[in-house]
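Heads up, the thing below is written out as structure tokens.
Readers should treat all values here as calculations from the given coordinates under stated rules, not as data from a laboratory. Fair warning: this is a prediction, and the values are worked out from it, not measured in the lab. Cβ coordinates were reconstructed from backbone atoms using ideal geometry, including for glycine residues, and neighbour counts include every protein chain displayed.
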Amino acid sequence: MATRSHKLSEGLIVAAPLLLVVLAPFTKVEESFSLHAVRDILALGFDPARLPSYDHIEFPGAVPRSFIGPILLAGATYPLLALGKMAELWEEGLAVQMLVRAVLSLFSSLSLIFLSRRVRAAFGSNVARYTLLITATQFHVTFWMSRTLPNMFAFPLVQLAFGFLIAPSPRHAKNSSPPDILLAYSLLTFAAIVMRLELAALIVPLALDSLIRKTISLHALIAVGVVVGGASQALTVGVDSHFWGRTLWPEGASILYNVVEGHASDWGVMPWHYYFTRSLPKILHVSLPFALLSMFIDRRARRIGYPSLAFIALLSILKHKEWRFFVYVVPALNVCAAAGVQSVQVLFSKRLRRIAIRLVIFANLALGALALYPSIHNYPGGQASQYLYFQLQAVGKPTPFIHVDSHSAMTGFSRFLHPFEATPSWYMSPLPLNAAGKPPRLATYSKSEDPDLDLLQFQYIVTSKQDGEDFMPFDWKVLQGFQEFVRYRLEWDGGWPIKAEFRESVRLLRRRWFGAGVKEW
């Protein structure tokens with residue numbers, strides 16, 4: 001039976017990421033493929049005749065990813081859109097984008113609640129509650145739980161798998177391969193084949209641990225790999241070949257491009273120890289020492305902690321490193337940290353244990369606040385999209401031709417936010433195709449990166465270029481500039497010493513038209 005304090009902790013793990021959706025509603029380029037896939041599914045449906053209007057077809061270049069996650073997310077969002085549409089709640093694309101992200105965060109939150117309840121069975125109520133408190137107050141995990149990356153589509157499945165592995169049902173204790181364990185490896189296999197193939201590096205140490213502890217037989221493990229792996233492969237190839245227009249296994253193509261051909265290194269190369277010396281301390285903060293302590297003294301913590309660290313070590317072989325590649329095991333390490341905090345009571349006293357958990361939570365909140373502020377102010381493209389939306393409403397001119405440069409598109413100008421390209425009436429009731437085989441539009445967008453592009457063909461441009469870079473005042477009127485966070489700096493002026501520094505990085509320009517007696521468009 002969950003205690004009142006545990007239920008409050010469960011409420012917090014739901015509320016924290018939802019709050020961050022409201023505070024930071026825009027998205028970055030790494031989220032764009034899955035976000036736009038959800039938008040296209042909702043706005044255009046599955047009709048093959050509409051596929052040419054999908055974002056990945058109109059604006060090619062994205063590394064192939066699976067549509068299965070976006071299909072599931074769109075399906076879960078659909079009923080809420082239908083209810084909200086009847087109540088006229090979805091008047092702007094930004095509201096729909098926030099709803100999609102909120103639904104995704106709920107999947108992750110529910111999986112973490114499931115994990116915590118399994119932790120309660122294996123470690124006790126204090127460790128379960130501390131796990132939720134530590135995770136909810138860690139900025140990076142809660143901030144990214146609503147982000148539409150393939151990693152975050154896989155994230156809930158991995159948490160469910162960890163839950164089944166941590167505390168298999170006692171009803172099957174005498175079974176050499178309990179159903180819970182089989183289900184855990186089935187979820188991990190599906191997530192690896194369909195969503196993120198690097199999860200194979202997590203399956204390996206977990207499987208070795210299970211085989212050593214004899215919680216699963218080698219025969220059963222191989223059967224899961226063959227049956228679930230084969231079915232997952234058939235599913236993703238079948239579904240994604242339809243959307244990409246060619247026979248394709250997206251995760252295989254992604255690994256080939258990024259790892260085998262080495263293109264991931266184009267985004268930066270980090271030393272082999274980067275995850276352990278930079279990323280883990282940055283993500284876990286003061287929780288890290290407690291996690292290591294528990295792995296040293298608690299056999300239960302070692303069962304999830306060691307495979308998690310082994311997974312990170314295997315990922316360290318790759319030259320390009322990002323913390324989101326190991327985000328799946330952060331909650332497992334938080335379980336270890338929570339067990340470490342609880343062990344303070346055993347080693348020292350209950351009073352020190354209470355001090356320890358308060359220290360962890362306070363440090364998470366303080367460091368999270370420092371990370372949250374720049375994260376909120378890091379989407380000038382998104383801000384420009386909203387300003388343009390209201391500008392076009394005020395002007396009332398039909399079919400504007402708009403150019404959005406790459407920096408603006410990468411900093412929040414998603415297709416959910418393209419003014420008048422897809423109004424909320426599109427969602428769940430796709431418009432009929434025109435003679436060109438495309439849905440009619442009230443605005444047309446260009447994202448061309450051609451340096452010789454004739455910008456004078458556009459009525460509006462959203463750009464990161466400043467004065468003296470292709471733009472003459474005679475041709476363009478600056479409607480608004482948008483700033484983004486640059487850095488913190490210390491400034492001792494008698495007030496708060498930590499100052500935020502900003503720079504204007506995106507501008508919204510309107511073309512001046514001369515002739516036919518009209519001075520400006």
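Structure above, values below:
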{"read-out": "Overall form of the stretch 276-404 per C-alpha gyration tensor (a/c, 1.5; a/b vs b/c)", "value": "prolate"}
{"read-out": "Positive-end residue of LEU455, LEU315, ALA74, charge dipole of the chain with Cβ unit charges", "value": "LEU315"}
{"read-out": "Amide H within-cut-off set for PHE502, under 5 Å, with H built and near neighbours excluded", "value": "VAL486"}
{"read-out": "Least to most buried among LEU347, LEU333 (fewest other Cβ within 10 Å first)", "value": "LEU347, LEU333"}
{"read-out": "Fraction of antiparallel bridges per DSSP, the chain only, in percent to nearest 5", "value": "75"}
{"read-out": "Exposure proxy order (Cβ contacts within 10 Å, fewest to most) of VAL29, VAL260, VAL344", "value": "VAL260, VAL29, VAL344"}
{"read-out": "Pairs beyond 28 Å (Cα-Cα), from LYS465/LYS499; LYS214/LYS282; LYS350/LYS499; LYS7/LYS28; LYS28/LYS319", "value": "LYS214/LYS282; LYS350/LYS499; LYS7/LYS28"}
{"read-out": "Assigned charges on the beta-carbon of Lys, Arg, Asp, Glu; the chain dipole about Cα centre (debye)", "value": "2540"}
{"read-out": "In degrees, nearest ten, helix 125-137 long axis to first principal axis of the chain (Cα)", "value": "20"}
{"read-out": "Candidate values (1) 25.0, 88; (2) 23.4, 77; (3) 25.6, 81, label of the one derived for Rg and Dmax of the Cα atoms in Å", "value": "(1)"}
{"read-out": "Length added when fully stretched, SER349-HIS263, from 0.36 nm per residue minus Cα-Cα", "value": "25.7 nm"}
{"read-out": "Separation of alpha-carbon centers, the stretch 181-251 and the stretch 100-153, rounded to whole Å", "value": "22"}
{"read-out": "Phi to ³J(HN,Hα) by Karplus 6.51 cos²θ - 1.76 cosθ + 1.60 over the stretch 202-210, Hz, x for Gly, Pro", "value": "8, 4, 4, x, 5, 5, 4, 5, 5"}
{"read-out": "Options ILE297, GLN483, GLY11, ranked by Cα towards positive dipole end of the chain, top entry (Cβ charges)", "value": "ILE297"}
{"read-out": "Cβ-based charge dipole, the chain, positive-most Cα from MET98, PHE123, PRO178", "value": "PHE123"}
{"read-out": "Rounded tilt (10° steps) of 380-395 against the dominant C-alpha axis of the chain", "value": "40"}
{"read-out": "Principal-axis tilt of helix 299-315 within the chain, Cα atoms, nearest 10 degrees", "value": "40"}
{"read-out": "Cα shape, the stretch 171-277, gyration tensor, a/c 1.5 rule", "value": "oblate"}
{"read-out": "Nonlocal amide H pairs with HIS403, under 5 Å, H built at 1.01 Å", "value": "SER446, TYR460, ILE461, VAL462"}
{"read-out": "Backbone HN-Hα couplings from phi across the stretch 45-58 [Karplus 6.51/-1.76/1.60, Hz, Gly and Pro as x]", "value": "x, 9, 4, x, 5, 9, 4, x, 8, 5, 4, 5, 8, 5"}
